[in-house]
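Presented below is the structure to which this report refers.
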């Protein structure tokens, strides 16, 4: 820890940290007194009836999406005399059972969120699976040809398997909850067998993440060239990194071809991992900060793709130690770039030294735990201390008036994310950046929906037209405001009020949109089918947050 805080400013003689602590404490007297502490925001868990209502509204939007002809599958040329294929007869009771059990799992997760914070980030996923199952159960009754619903069956398979994969490492689930998960796994396998389909993967997400990884590898190659020169080692690393990049580009290409067997795609990615891991080890030994930043981003992407492909959850001890060491260097760099004067004027400057010491200390403890080969639960507990220390660190330093310092804070958060991904863990706190991304998507969808609504009512005037236009205009305005407020870092309590109000306006507007009977209906249906789940997910993310913080994470600029 020696030299950590000393990078603020150069002192001659004496105890540097003691001097800094004195300066930080003395600066408090020159600042305005902090406002009175606000009572912590209480978690707003849903009742069973509220959960059922969310699932119903979400499933209705999916019902509409299917009705509007969003399916790409071709019907069977000649149906049996009964009008129902053998596959549909076999799958109907299975999907009905799946729907019932999925709802029970959602209720069970909701009941345990207060006790198991890791479930917060998975609750919206559970709502999605439950809503898809409910909608698919209805569709299966309405259609006799299973081919018309294969896309929906495969999407349910993808979403459920991802949720089940994430639930594997959630500790503390009741035995009844684990029984529900096992039951759903069994039902899902029976559904696939009845339809003669393979286990699916989230191709769009894998493609997007893999394309980003290819870009990160390209940046790494440029930095290898700039930092290591024309040495033989540099040439070898460039050649191996280039080969790994070509392999991940092959994964991107395969993702875009829906006819390629998912097993082949997984095999190609495993070849990439086999090629990349030895290169990563060599690059880690270079102890170069530019290369370290590249490796951190690559590690995060590799971990995400590994999870998207639902590959076995293994923990790389060497990788964990390396990421923790990088995190400690990030903390050091933060103080190198942060003038002491700025720290003195922080609202919570009195906590600056202790918070920094705590953060650095828990990182060292985590490395010790990993090196000693402690069991997985103890390593996870040690990492949770890192998460807690990071939240405290951001709470103290997040408002600092320095772009360079904020940039390092963002890298610190990325390093923590990379460790979390390597441990296959879920976030337990409110992810403001993820919520901001989702809010941006909602704002875009509401803009598109408002334009489509105007076009519909212009061509087909209705008595409720003015009211419908007003609801849509309000919805678009409020959606943009939520995105802005998330970026500004407003308290979660305010966001809750905003998202609840926005959701109510959407429900009011939706009642008008479903009355459309013109050629605009398919467009309105597709946009509505995307907006409803996005709003439900954002509302869930905000409502399930238990921690009220002024600066949870450094805001991306």
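Yes/no per residue for (1) in contact with a helix residue (DSSP H, G or I) (Cβ under 8 Å, 6 or more places away or on another chain); (2) modelled with pLDDT under 90:
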| residue | (1), (2) |
| --- | --- |
| 81 | no, yes |
| 86 | no, no |
| 94 | yes, no |
| 100 | no, no |
| 109 | yes, no |
| 114 | no, yes |
| 118 | no, yes |
| 124 | yes, yes |
| 131 | yes, yes |
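If you go through region 182-191 and keep only what is surrounded by fewer than 19 Cβ atoms within 10 Å (Cβ to Cβ) and either in contact (Cβ under 8 Å) with a residue 60 or more places away in the chain or farther than 14 Å from residue 102 by Cα (or both), you end up with 183, 189, 190.
I'd like to check something: does region 366-380 contain any residue that is part of a helix (DSSP H, G or I), closer than 25 Å to residue 432 by Cβ, out of contact with any helix residue (DSSP H, G or I) (no Cβ under 6 Å at 6 or more places or on another chain) and assigned by TED's automatic domain parsing to the domain that holds residue 337? It would help to see each step written out before you state the result.
Just the residues of region 366-380 that are part of a helix (DSSP H, G or I), to begin with: 366-371, 376-380.
Next, only the ones that are closer than 25 Å to residue 432 by Cβ stay: 366, 380.
Next, from what is left, pick out any that are out of contact with any helix residue (DSSP H, G or I) (no Cβ under 6 Å at 6 or more places or on another chain): 380.
Remaining after also requiring assigned by TED's automatic domain parsing to the domain that holds residue 337: 380.
Yes, region 366-380 contains a residue that is part of a helix (DSSP H, G or I), closer than 25 Å to residue 432 by Cβ, out of contact with any helix residue (DSSP H, G or I) (no Cβ under 6 Å at 6 or more places or on another chain) and assigned by TED's automatic domain parsing to the domain that holds residue 337.
Taking region 510-519 only, how many residues are assigned to a loop (DSSP other than H, G, I, E, B) and surrounded by fewer than 18 Cβ atoms within 10 Å (Cβ to Cβ)? Break it down into steps so the answer makes sense when it comes.
Step one: list which residues in region 510-519 are assigned to a loop (DSSP other than H, G, I, E, B), which gives 514-519.
Keeping just the survivors that are surrounded by fewer than 18 Cβ atoms within 10 Å (Cβ to Cβ) gives 514-515, 517-519.
Counting residues in region 510-519 that are assigned to a loop (DSSP other than H, G, I, E, B) and surrounded by fewer than 18 Cβ atoms within 10 Å (Cβ to Cβ) gives 5.
Answer yes or no as to whether residue 149 is touching a helix residue (DSSP H, G or I) at 6+ places or on another chain (Cβ under 8 Å), surrounded by 19 or more Cβ atoms within 10 Å (Cβ to Cβ) and within 28 Å of residue 425 (Cβ to Cβ). If you could, list the steps in order and put the result at the bottom.
Details: touching a helix residue (DSSP H, G or I) at 6+ places or on another chain (Cβ under 8 Å): yes; surrounded by 19 or more Cβ atoms within 10 Å (Cβ to Cβ): yes; within 28 Å of residue 425 (Cβ to Cβ): no.
Taking the combined requirement at face value, the residue does not satisfy it.
Selection of helices (runs of 4 or more DSSP H) fully inside region 175-274 by the criterion of at least 1 residues being in the same structural domain as residue 292 (by TED's automatic domain parsing) and touching a strand residue (DSSP E or B) at 6+ places or on another chain (Cβ under 9 Å) returns nothing. Based on what the data block shows, is residue 358 in contact with a helix residue (DSSP H, G or I) (Cβ under 8 Å, 6 or more places away or on another chain), part of a helix (DSSP H, G or I) and more than 23 Å from residue 543 (Cβ to Cβ)? Against the criterion (in contact with a helix residue (DSSP H, G or I) (Cβ under 8 Å, 6 or more places away or on another chain), part of a helix (DSSP H, G or I) and more than 23 Å from residue 543 (Cβ to Cβ)), residue 358 qualifies. Of the residues making up region 396-414, those that are farther than 17 Å from residue 339 by Cα and in contact with a helix residue (DSSP H, G or I) (Cβ under 8 Å, 6 or more places away or on another chain) are 411, 412, 413, 414. For region 488-509, give me each residue that is outside any helix (DSSP H, G or I) and without any contact (Cβ under 8 Å) to a residue 12 or more places away in the chain. The one that is outside any helix (DSSP H, G or I) and without any contact (Cβ under 8 Å) to a residue 12 or more places away in the chain: 490.
The values are calculated or read from the model by the stated rules, or taken from the named source; none is laboratory data. Since we're looking at a predicted model, the values are computed, not measured. FYI the Cβ positions are ideal-geometry reconstructions off the backbone, even for glycines, and counts take in every protein chain you see.
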